[in-house]
Structure formats: structure tokens, C-alpha cells
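One structure is given below, encoded as C-alpha cells.
The values are calculated or read from the model by the stated rules, or taken from the named source; none is laboratory data. The model shown is predicted, which means the values in this text are computed figures rather than measured ones. Cβ sites come from the backbone with ideal geometry, for glycine too, and all protein chains shown count toward neighbours. Only protein heavy atoms, including side chains, enter the accessible area calculation; ligands, DNA and RNA are left aside. Shrake-Rupley method; radii C 1.70, N 1.55, O 1.52, S 1.80 Å.
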Amino acid sequence: MNNHKLNILIGLFFTVIITSCNQEPKEDKEYLKSAPWEEISKEAEGTTVNFMMWQGSTVINNYINNYVIPEVKNRFNIDLKISSGQGPEIVQLVMSERDASIDNGQVDIVWINGETFFQLRQIKGLWGPFVEQLPNAKLVNFNDPYIGMDFQQPVAYMEAPWSINQFCMIYDSTKLSTAPPATLDELATFVKKYPGTFTISNDFTGMTLLKSFLAELGGGNNALDGAFDEEKYAKLSTKLWDYLNANKKDFWKKGQTFPSEQSKMNQLYAIGELYVLYGFGEGNIETKVNSGLYPKSTVGYPWKNGTVKNSNYLGILHNAPQKAGAMQVINFLMSPEAQLKKASKDGMDANTILDIDRLNPEFQDKFKTTMQRDYGPNMEDLKDYAMAEPAAEYMIKLFEDFRTQVIEK
């Protein structure tokens, strides 16, 4: 998540949101929301579908370029085109096309969750509900709160789940003579003993860690549950900024600068500058160890108060020119075949959003074998430490306030 662009967008977002909310987008092809799947498939055939997604991972890019694109071409005669963009760019694109009265936009599918879902819903930027129309949706348990809710918001079939994962702490077991920090008190002790070996990335991943810190200061991993509470946030965030400012002198570069992207954090850990790291996908340890980026001495572990578990999703923009094609592609991405490939070590090592019990016995066995890991923990190991994503406003506020209250102090 590129937070610099997000910070710029936040101002724009809140200045136009009132007027944008009062505008009704032109939503064509409403019949697709109730049409037979055979009719949708026929309309999808031969289309060119544009998919805007984060492209900051070689593993993800390989899965899309070398598996998904050829498969949708061979199966459905759909040309899938990829463009780079994430939350800020997606919202800005919708706003710009809305202002220009563009009814047939540049993008059909977007990879989103959380604050982006929240913002797109506020400006009526998504088309739907459409997910119930997808045949593979019946293989998903939407009653699972980590799937049916996105940052405390009901998904309401406006976005289709694509992956589910949990945030995880990471450390190099050869670097530490003691257990890694798993509480705020332990972290304060750790950075004094090992100065310069920990920091917080000024991006989506870093802000997710701060949610765990904020909840710990609130007294438990459910402290941020429910709708956004401005008074609660003000109280807890004041404690958080005080804590970080009191300890940042012992952070990497003495807290005078903070990495802007997780890729930089990965590099610092790989060369031994950082001893403790963190990330989604149970830390993505498996793929990074197997690729040679992380040492084999890497160990994943839970933060005692809990870490965020959530899903990410695929949405269709309100002015997508190829809605039927987008539905066909998303249905394929949710299929047992595509999800199994994505879960494999030569795919994305990503947890499936499918309910394994709803699959046929052959796929059940394949998933159980594929999801075993040699290095990283899995969600079963972390289930007792799962924390629901707080409301989207917490993320938006943390981004802005971390910059003003910590980085610029």
C-alpha cells in the first residue's frame, strides 16, 4: 500500500465525498444481476477485461501472468489485461471518471478490501451486488465473519472474496538470545537491547501492526470492534504516539526515517539489519524462504494480544464496460482449480477462501496436502490470536496521524 498517495488522496476524498454521494452513477446491464449463468457466460466470451491490482509481488505477478491470463483465454476466450494500481489510485480513478461523466471506464475488476471498499461504497463506485450470481460462490461460507465482513462492513455480495490471511510477526532465530517481543512492554525492552533492528513501515502493513498496538492499549484484541469511535481513537492513539515517540530513538536509523514500503522492510531483514519483521499471509515466510530472500532461520510467531485476520476481495467498478467478462474472470478466480493453484508453493502460497467441506473429496485431499508449510505458520497455528479488522476509519486516521504525530515530530 503506497501511503504517500493515500495521504494525498485522503484530503481529496473528504472534500468531494459529500457531492459524490449525491450523484447516482449510471449502472448499465442491471439484468446481469439476475440473468442465468449461461447467458452471462455467452456475453463474456471474446471480451477484453481490465484488472487493476497491486503488482508489488513477483509471486503474485507470476501467478496472474503465467496461470490466470492463459487459463481465462483458453477456457473463456477472454483477454485479461493487467494494470497497476491499488486503493488510492482506484478511488481517484473512479472520482476522475465520475467528474468526466465517463460511462465506460478504463477498468473492470479491482483488487480491494478495507478502506478502499469503504470509500468506493461511499461514492457508489462499485457495481453490484453480483457475487451471488457466481456459481463458485456456493463454495464459500459467507457466514464466516472474516469473509462476510470487511473492516466491520458487511460485504453484502458487493465484492467477491479472493484470499484470506492473518498478520504474523517474524524473527531471525539466529539473531536473538531471548524470545522475540510479543507485547508493547517486551518491544520497548527489545529495542533497547537490540537498537536499530526494528522499525514500522509507513504503509498498509505498518498501519496494520499499529492496529494490534492500539487494541493492546485498549485492553484486548476486541477493543476496536464495532463502528469507529472517535473518542476511543483519540484516547488510545494519544497513548500510542507517546509510546512510539518515547522508543523510536532505538528504532532503525534512530527513528529519524521510516521505510515507505514493505519491500524495503523485506530487504532490511534479508541483509540482517532488522531482526524482527511482520506481514500478512502469515508473514509470507514460505515463499520468501524458498526464494532465498529470507534465511531458513526465520520463524513466525503471534503477537500476544492478537493480529488482524482478514480477507481481500475482487470488485467490479460501476462503469466497467465488460461486466459479464468481469464476472466470468472472478468466478474462475474463486474456482477450486484456481484457488488450489494459488495455494500451492508454485502459486501464491495463499490461503483459500473456499469452505473445504463443500468441495468434492478429491479437492479436499488436494487442499489439505497443498496447504502444509515447511517454514511459516498457518492460520490454524494463529487462530487463538485472530483479531477482526477494525472499521476502515481507524486505518485512515492511523495513516495521517502516524505521519504528523511520529514521522514529523
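Of the residues making up region 69-88, those that are touching a strand residue (DSSP E or B) at 6+ places or on another chain (Cβ under 8 Å), without any contact (Cβ under 8 Å) to a residue 40 or more places away in the chain and in a helix (DSSP H, G or I) are Ile69, Lys73.
Which of the residues that make up region 129-143 are touching a residue at least 24 places away in the same chain (Cβ under 8 Å) and either over 24 Å from Pro390 (Cα atoms) or surrounded by fewer than 19 Cβ atoms within 10 Å (Cβ to Cβ) (or both)?
Within region 129-143, Pro129, Phe130, Glu132, Gln133, Leu134, Pro135, Asn136, Ala137, Lys138, Leu139, Asn141 meet the criteria.
Among the residues making up region 207-241, a single one is more than 16 Å from Lys397 (Cα to Cα), part of a helix (DSSP H, G or I) and over 22 Å from the mean Cα position of the chain (by Cα): Leu217.
Scanning region 254-263 for residues that are surrounded by 15 or more Cβ atoms within 10 Å (Cβ to Cβ) and out of contact with any strand residue (DSSP E or B) (no Cβ under 8 Å at 6 or more places or on another chain) gives Gly255, Phe258, Pro259, Ser260, Glu261. Determine if region 146-159 includes at least one residue that is within 19 Å of Ile40 (Cα to Cα), open to solvent by less than 30 Å² (accessible area, probe 1.4 Å) and over 21 Å from the mean Cα position of the chain (by Cα). No, region 146-159 has no match at all. Looking only at residues in region 295-326 that are out of contact with any Leu (no Cβ under 6 Å at 6 or more places or on another chain) and among the charged types (D, E, K, R), the one that is farthest from Leu120 (Cα to Cα) is Lys296.
Within region 138-196, the set of residues being assigned to a helix (DSSP H, G or I), within 21 Å of Met53 (Cα to Cα) and touching an Asp or Glu at 6+ places or on another chain (Cβ under 8 Å) is empty. In a residue-by-residue description of region 92-107, the property of being within 21 Å of Phe332 (Cβ to Cβ) and open to solvent by 30 Å² or more (accessible area, probe 1.4 Å) applies to no position. Pairing residues of region 342-356 that are on the phi > 0 side of the Ramachandran plot with residues that are hydroxyl-bearing (Ser, Thr, Tyr), at Cβ distances under 9 Å and at least 6 apart in sequence or on separate chains, gives Asp349/Thr287. I'd like the full set of residues that are open to solvent by less than 40 Å² (accessible area, probe 1.4 Å), in a loop (DSSP other than H, G, I, E, B) and touching a Phe, Trp or Tyr at 6+ places or on another chain (Cβ under 7 Å), limited to region 274-293. Hits for region 274-293 are Leu274, Phe280. Residues being within 23 Å of Gly283 (Cα to Cα) and either without any contact (Cβ under 8 Å) to a residue 24 or more places away in the chain or among the β-branched types (Val, Ile, Thr) (or both) are entirely absent from region 218-232.
Among the residues of region 345-363, those that are open to solvent by 40 Å² or more (accessible area, probe 1.4 Å) and either among the acidic types (Asp, Glu) or touching a Ser or Thr at 6+ places or on another chain (Cβ under 9 Å) (or both) comprise Lys345, Asp346, Asp355, Asp357, Glu362. Scanning region 353-391 for residues that are modelled with pLDDT of 90 or more and of a type outside the set (D, E, K, R) yields a total of 16. Looking across region 364-409, the residues that are within 17 Å of Gly279 (Cβ to Cβ), assigned to a loop (DSSP other than H, G, I, E, B) and open to solvent by 40 Å² or more (accessible area, probe 1.4 Å) come down to Arg373, Tyr375, Asn378.
Selection of region 172-187 for residues being free of Cβ contacts under 8 Å to residues at least 12 places away in the same chain and open to solvent by less than 70 Å² (accessible area, probe 1.4 Å) yields only Glu186.
The sole residue among Ile330, Ile316 that is crowded, with 20+ Cβ neighbours inside 10 Å and in a strand (DSSP E or B) is Ile316.
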